[in-house]
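Report on the structure given below.
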Amino acid sequence: MQRVDVTYCLITDSSKTKVLMVKNVDHDSGSLPGGAVEQGRFSSAYRWK
């Protein structure tokens, strides 16, 4: 099985009562926004205020 590195992002509103989700129509489910990371790249954690 080929390894695939992925990254996701948790995005909330200012009151932290709502979370941004992506609708996955193929599986009728939701997930956090994100995707594959290109080989040789690294992901860093960021925090926005």
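Just a few scattered comments:
- Considering (1) among the basic types (Lys, Arg); (2) modelled with pLDDT under 85; (3) on the phi > 0 side of the Ramachandran plot, the lone condition that Arg47 does not fulfil carries the number (3).
- Residues in the stretch 21-38 that are touching a Cys at 6+ places or on another chain (Cβ under 8 Å) and either exposed (fewer than 11 other Cβ atoms within 10 Å of the Cβ) or of a type in the set (A, V, I, L, M) (or both): Leu32 only.
The values are calculated or read from the model by the stated rules, or taken from the named source; none is laboratory data. None of these values were measured; they are calculated from a predicted model. A quick note on method: Cβ atoms are made from the backbone with ideal geometry, for glycine too, and the neighbour counts reach across all protein chains shown.
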